[in-house]
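In what follows, a structure is listed as structure tokens, so that the remarks can point back to it.
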Amino acid sequence: MMSRRRIVSLLISAFMLIFESGIVSSLESKILVGDGGAFRASKAQCVMYDECGPSPVNPDLQTNCVYDGPPKKLNSSESLETLRSMCPELVEKYGDELCCSAAQITTLQGNLGLPQGIIGRCPSCFYNFRQIICELACGQSQSEFLNVTKSKNATTGMLVSEIQAYVTDKYVTDTFDSCKSVMMSATNQPAMGMLCGPWGAFHCTPYRWFNYMGSTTNGYSPFDIVYNYIYSNYTGPFIPFIAGKSFKCNEGIDNVTSPCGCVDCEASCPAPQPFPALVPPAWKLFGEDGIFIIMGILCVFGNVLIAFIVIMFADKAATYNVDQPSEHSRSNNHSHHEHYDQNRLLPDGEILAMYPMDSSTLFQSAQGSIKKLFRIVGQASAAHPVLTLLLMFIPLILSTSLVTPLFKITTDPVELWAGPHSRTRIEKNFFDKNFAPFFRTEQIIISSSNLPFNRTNGDGETQTFGPVFQKKFLFAISQLQSDIESLNNGSLINICLRPLETNCTIFSLMEYWQNSPGNLNITTSNDTYLDHFLSCSKNPTSMNDGTHLQQSCMGKFGGPVDYKLVLGGFPDDSEEAYMLANTTILTFVVRNNRDEFNEEAKIWESAFISYMEGWSATHEKSLNLSVAFTSERSIQDELSRESKMEIKTILLSYIIMFLYIALSLGFGSYVCDLINRCTWRRYFWWKQMNRRTSGVSLIEESAPESATPPTETKNIKWLPRLLLSLAGVFLVLLSVTASIGLFSFAGVPATLIVMEVVPFLVLAVGVDNIFIIVQTYDRTCRNSDLPVPERIGQVMSDVGPSLLISVISESVCFFIGGLVAKMPAVETFAYYSAVALIVDFLLQITVFVAIFGACEEMGSVKIDGHEVLTNDSEEPSTSSSPNHQAVSPGGSSGLDAALQNEQTDPAQTGFVTLIFSNCYAPFILGSKWIRMTILMLFYSWLCLSIALVHKVDVGLDQKLSMPSDSYVLKYFK
């Protein structure tokens, strides 16, 4: 305390400088000219000179003598050089003719040394500060801006008791602005907290600063200096003091001296570099998006070209096809029957034209080899189903069994979204290796929907504060913070960051009051908790807020709290906008170690999440709040929860797809037939029997044989297709598990996208292949007299190459995607999908074909030595039936029979096929105008897509990876 008083005494003595430069001001001062004992020089000369004795008010201080005369020559060269070192501008301006003695210069040197140590770190501030001090002490023009209004007789002369100083308002304001942010190195406090006396740094203004430094009430000034602040319209008898130039804190006073540092002058802080544009500026053409203009031109030109081609050549092409000679048709028909293998009926009813099997070309040779290979594989699998199942299922089950002990899912966001060779991952690994993993962050964001409120401060000014500064809200936040600190028996103290080894680092609005609700109720000299916050927001490192409360701004953990870290919802970026904040943020900083040492932190985070879920549910409505929170483990927990949630969805999807396949492959027809037999037919049979038994003759005629429900024929045609559908879906699921098992054995963990997308992707492709194989069999080979294995071999010869090309295209695309993808989640998904598709293809051309053959064999039963085929016809098959022609590899009877069967028996044709063949195809191909419209629409769509593709945002939105009911989504928003 004594050292502080000593510093203030020396500062005031330096600033006063009447005796040795006193500088003060009084906002309420009045001009006292020629009233009794006032002394004023008649021309520009001195009003004070030398030291005359102790001050009447403070006897420990020496004061100046009243002197009305010209400046005197300073005979001491040593004193002149001392003055030159302190006030070089003064010596350069006046020389050695000055209004101060050698004793005053010695005192001035001692008094300016201490202020220079406090505010000298900001050169422009100290320069502005010493200008008036040097003029008051030694300047020749004292009489122009100084007026001695009170004096007192002494044995050594007339002592100065009060003077008035006339200074421009601009000088006072500029000097204050250059010094108001200067920090004292020793205390890390604003210098104004000491120089402005009882007002402190927070309430200090330019006038209050000068008033305090010139008033004898502070106990350190030898006499009063009453400042009169002169504006541009002043017309009085005095010439106000005007500094040569007042420098801003970010300006250097010369070419050698640097401006104030960033700590002492915010304007000196380098402006942050603007962020580079995330999206380069769009190319403009005629003031619009260039790509859009170009594609618009191409769209118009292309549509015109399409219309021209269709209108000009559509009719000619149709006329050309109709006018062909019949001999050519007959020769082509003969060639068609001669080369049956060049045409195959695809599942959608179209005929794929193949080149004749000419071994002279490599392509035709390869095509024939592939078809032959698929015929052999299909026929062998169907002929030996048990052996096929054993050979394929054993390795499949082994690979799938690897899933249980080795399978794991990656939920770490870093492992999912940052590649091992990405820049962010490399920098993170470098930081973790050389320092330590960054802190675990537990954060709460609380927004209040209540209205702002007004209050009147000690200066009579009305201020508006946001709802987060209401005491009720702050009390709730304080209680919340205390409850969280005490979770799990206060285990937070064991895992949190403690810079001073006492309290946890918590960034919270209540830390401005050390999380003590009692500090909110303290009021001193009209200063309240709001004044404390406003002061600390400008100087968060201060141990004394500068108000009459005299409270510390430091948090309970011993560090400063920046309002930008604990407040949000500002209306703008202005300096005072944070007063209107409607959101506060609580951040608990937890130490982060390697995964094996974070178990205690994870346990505490689980308790934290559970507590916040309950707190937000009970306080959001009662306090009109919106609460969002997260922890370091939140994203991983939500990803794990979502992966478990999707299991039910996957199983349900596979069950629905199984039912759909079963209904589409024949089970639906059986259900309809069963309903028909069990309802309408039984109903009409009972009505008929009732009429016969109620007539005159009970035995008029026997009931028709067909009316009696058949009992000797076992129609089990629904069972094979039901089992086939179940097997098809099971094989698709098995291919997914086999892929997961193989990669688990290789040490490649699965991701959420694998569990959510791959099962549905493989299901879609696998079901499509099932329909291709079964429907092709039904349309071409179902009623053939060939054995089932040969029929299935013929079908696989037809559709196998298409399935092979499809799976190669799909798997290669996924492998390429895995090679070029930089995001681990996408890379893993691509590899898992490619392998699953390959395994599914192998299972379908072997295991599914084997099961298919077995199911078709099950479709025939023996009754009294006669074979009954369970197809759509209820008549037994014979070789003489026109619809049961054999399908031979070299002939065309099988295909002709299939085509003839579909044309003559539409009842066997599927409903979807009928729609496409009888409605859709005639509508699309029946009119050239419709064809032209469709081509133009799709071409326009293509152009529009290309024009807008560069506007697609690139990146991963974290919200998309969270469950729809996750609490983390609210935090992301």
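Pairs are defined by a Cβ separation below 8 Å, a sequence spacing of at least 6 or placement on different chains, a first member in region 116-132 that is closer than 19 Å to SER185 by Cα, and a second member that is of a type in the set (D, E, K, R); the pairs so defined are ARG121/ASP264; CYS122/ASP264; SER124/LYS248; SER124/GLU251; CYS125/ASP264.
Being modelled with pLDDT of 90 or more, within 18 Å of ALA476 (Cα to Cα) and in contact with a Leu (Cβ under 8 Å, 6 or more places away or on another chain), is that true of even one residue in region 530-539? No, region 530-539 contains no residue that is modelled with pLDDT of 90 or more, within 18 Å of ALA476 (Cα to Cα) and in contact with a Leu (Cβ under 8 Å, 6 or more places away or on another chain).
Scanning region 54-112 for residues that are among the acidic types (Asp, Glu) and more than 19 Å from SER141 (Cβ to Cβ) turns up ASP60, GLU78, GLU81. Per the listing THR502, THR547, the residue uniquely of a type outside the set (Phe, Trp, Tyr), outside any helix (DSSP H, G or I) and open to solvent by 60 Å² or more (accessible area, probe 1.4 Å) is THR502. Of the helices (runs of 4 or more DSSP H) contained entirely in region 809-922, those carrying at least 2 residues that are at pLDDT 85 or above fall at 824-843, 849-858.
The one condition from (1) open to solvent by 30 Å² or more (accessible area, probe 1.4 Å); (2) of a type outside the set (A, V, I, L, M, F, W, C); (3) under 23 Å from VAL148 (Cα atoms); (4) in a helix (DSSP H, G or I) that TYR171 does not meet is (1). Note on region 180-202: residues that are at pLDDT 80 or above and buried (at least 20 other Cβ atoms within 10 Å of the Cβ) amount to 9. Taking the stated definitions as given, is ASP545 among the charged types (D, E, K, R) and in contact with a helix residue (DSSP H, G or I) (Cβ under 6 Å, 6 or more places away or on another chain)? Yes. Among all residues of region 137-157, there is at least one that is part of a loop (DSSP other than H, G, I, E, B), more than 25 Å from CYS553 (Cβ to Cβ) and among the β-branched types (Val, Ile, Thr). For the residues LEU520, LEU534, LEU497, LEU509, the requirement of being open to solvent by 10 Å² or more (accessible area, probe 1.4 Å), at negative phi and touching a residue at least 24 places away in the same chain (Cβ under 8 Å) singles out LEU497.
The set of residues from region 768-787 being assigned to a helix (DSSP H, G or I) and open to solvent by 10 Å² or more (accessible area, probe 1.4 Å) comprises ASP768, ASN769, PHE771, ILE772, GLN775, ASP778, ARG779, THR780.
For the condition in contact (Cβ under 8 Å) with a residue 12 or more places away in the chain, crowded, with 16+ Cβ neighbours inside 10 Å and assigned to a helix (DSSP H, G or I), SER482 does not qualify. The residue list ALA577, ALA617, ALA607, ALA601 contains one member that is hydrophobic (A, V, I, L, M, F, W, C) and either touching a Ser or Thr at 6+ places or on another chain (Cβ under 6 Å) or open to solvent by 60 Å² or more (accessible area, probe 1.4 Å) (or both), which is ALA617. Counting only helices (runs of 4 or more DSSP H) wholly contained in region 18-122, the ones carrying 1 or more residues that are open to solvent by less than 70 Å² (accessible area, probe 1.4 Å) and modelled with pLDDT under 80 occupy 102-119.
For region 425-472, filtering for residues that are of a type outside the set (Lys, Arg), surrounded by fewer than 12 Cβ atoms within 10 Å (Cβ to Cβ) and in a helix (DSSP H, G or I) leaves 3. Number of residues in region 800-821 that are in contact (Cβ under 8 Å) with a residue 60 or more places away in the chain and open to solvent by less than 10 Å² (accessible area, probe 1.4 Å): the value is 1. Remark: pairs (first residue in region 76-98, acidic (Asp, Glu); second residue assigned to a helix (DSSP H, G or I); Cβ separation under 6 Å; 6+ apart in sequence or on different chains) = ASP96/LEU80. For region 928-947, filtering for residues that are hydrophobic (A, V, I, L, M, F, W, C) and either open to solvent by 80 Å² or more (accessible area, probe 1.4 Å) or free of Cβ contacts under 8 Å to residues at least 24 places away in the same chain (or both) leaves 9.
Among all residues of region 197-212, there is at least one that is hydroxyl-bearing (Ser, Thr, Tyr) and under 23 Å from SER232 (Cβ atoms).
Could you tell me whether any residue of region 437-448 is more than 26 Å from the chain's Cα centre (by Cα) and over 30 Å from ALA750 (Cβ atoms)? Among the residues of region 437-448, not one is more than 26 Å from the chain's Cα centre (by Cα) and over 30 Å from ALA750 (Cβ atoms), which makes the answer no. Could you check, for region 128-137, whether at least one of its residues is of a type in the set (Lys, Arg) and open to solvent by less than 40 Å² (accessible area, probe 1.4 Å)? Yes, because at least one residue in region 128-137 is of a type in the set (Lys, Arg) and open to solvent by less than 40 Å² (accessible area, probe 1.4 Å). Is it fair to say ASN489 is surrounded by fewer than 16 Cβ atoms within 10 Å (Cβ to Cβ), without any contact (Cβ under 8 Å) to a residue 12 or more places away in the chain and assigned to a strand (DSSP E or B)? So ASN489 does not fit the description; no. State yes or no: is PHE210 part of a loop (DSSP other than H, G, I, E, B) and closer than 30 Å to GLY53 by Cα? It is false that PHE210 is part of a loop (DSSP other than H, G, I, E, B) and closer than 30 Å to GLY53 by Cα.
The rows are residues; the columns are (1) open to solvent by less than 20 Å² (accessible area, probe 1.4 Å); (2) part of a loop (DSSP other than H, G, I, E, B); (3) farther than 15 Å from VAL172 by Cβ.
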site	(1), (2), (3)
PRO222	yes, yes, yes
ILE225	yes, no, no
TYR234	no, yes, no
PRO237	no, yes, yes
PHE247	no, yes, no
VAL256	no, yes, yes
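Within region 589-644, being among the β-branched types (Val, Ile, Thr), outside any strand (DSSP E or B) and within 11 Å of GLU442 (Cβ to Cβ) holds for one residue alone: ILE609.
The values are calculated or read from the model by the stated rules, or taken from the named source; none is laboratory data. What you see is a predicted model, and the numbers here were worked out from it, not measured in a lab. Positions of Cβ are generated from backbone atoms using ideal geometry, with glycine treated the same way; all protein chains shown enter the neighbour counts. Surface areas here come from the heavy atoms of the whole protein model, side chains and all, with no ligands, DNA or RNA. Shrake-Rupley method; radii C 1.70, N 1.55, O 1.52, S 1.80 Å.
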